[in-house]
Structure formats: structure tokens, C-alpha cells
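Reviewing the structure listed below.
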Amino acid sequence: MRVVIQRVSKASVTINQQIKSAIQKGMLILLGIEDADTDEDISWLIKKISQLRIFDDEDGVMNKSLLDIDGEALVVSQFTLHASTKKGNRPSYIRAAKPDFAVPMYEKFVAALSASLQKEVPTGEFGANMQVELLNDGPVTIIIDSKDKSF
């Protein structure tokens, strides 16, 4: 499982010219799922994301987590996070999980994050053409891969 986390002042997802979800201060989480992912990957990532200290404290130091600031999270599925650009110029998405596996994992991830944050986590729509708008605060962008914990 691979995530790109962006600290945002606000973010939204629009589908067919209709805003589906929007948040204020918090994290926009782009989520890529591969066939090798398990419930253990979800648990590890949820703990890491919930406790990731990327929000400023009173001294302007990134020392507070999403839980500490009672921030919001918006999760958007993004199979392109597993793109391989090793050969040629056209990315291969062979590592990205197919919908029959990815959708239940995506739903488990969102449910686990909601439980951890103790609030509903809005989402995009799996497989839809989405327009994601965000105001990256910082900018702060973090990449985490549950298969490569040294990332």
C-alpha cells in the first residue's frame, strides 16, 4: 500500500461538476493498493498516518498529529501510485490491484481511518474521473509505502 499525504488548508473532490467531498485543515491522502496488500498494511498505515507529526505547534515546529489538531482527512484512490516507468515512456500499472481486490481494501482503509480519528472520513469515488483540488499548506507532502518502511 502506498500513500501520498499532503498537509492541506482545504481540499475537495469533484465528480461530474459536483463536489462529492470537501475538508478544511488536515490531510489529503492519495491511496494506491496492490495485490500483495493485507489488513496488516492497513493497520500499520493507519497508525502511522494518525500519529504523523506534520502540523505546527505553538512554536511553529511540526510537532502535532492529525489527532492532536482534531484535523480532517480526505482519502482518494489513486492506482497510478503503483506506476512503473522502468521501460519506455508509457507507465505500466501491472502492480496496481484490480477493483475486485482494491475496492474492499480501500473501504477497509477508510473505515479504519475513520475509527482511528473518531470521525467520518470523506472520500472520492473509486474508479471515477475526479478533479482533486487542494491548497497544500507548507507545502508538506509525505510518501509512505507499507512495503518499504524505510521510505
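The values are calculated or read from the model by the stated rules, or taken from the named source; none is laboratory data. Values in this document were obtained by computation on a predicted structure and should not be read as measured data. Every residue, glycine as well, gets a Cβ built from its backbone with ideal geometry; the counts of neighbours run over all protein chains shown. Side chains are part of the model used for accessible areas, which takes the heavy atoms of the whole protein and leaves out ligands, DNA and RNA. Shrake-Rupley method; radii C 1.70, N 1.55, O 1.52, S 1.80 Å.
What are the residues in region 117-148 that are open to solvent by 70 Å² or more (accessible area, probe 1.4 Å), of a type outside the set (A, V, I, L, M, F, W, C) and within 22 Å of ASN63 (Cβ to Cβ), if any?
Within region 117-148, GLN118, PRO139, THR141 meet the criteria.
Anything in region 83-105 that is open to solvent by less than 80 Å² (accessible area, probe 1.4 Å), at pLDDT 90 or above and under 18 Å from ILE143 (Cβ atoms)? List them, or say none.
Residues satisfying the conditions are PRO91, ALA96.
Having 3 or more residues that are under 16 Å from ARG7 (Cα atoms) is the bar; report the helices (runs of 4 or more DSSP H) wholly within region 32-151 that clear it. Full working, then the answer.
Numbers: elements: 39-51, 66-69, 99-117.
Counting at least 3 such residues, we get 39-51, 66-69.
Which residue pairs have Cβ atoms under 6 Å apart, sit 6 or more places apart or on different chains, and have a first residue in region 24-35 that is among the basic types (Lys, Arg) and a second that is open to solvent by less than 10 Å² (accessible area, probe 1.4 Å)?
Final answer for the pair search is LYS25/GLY71.
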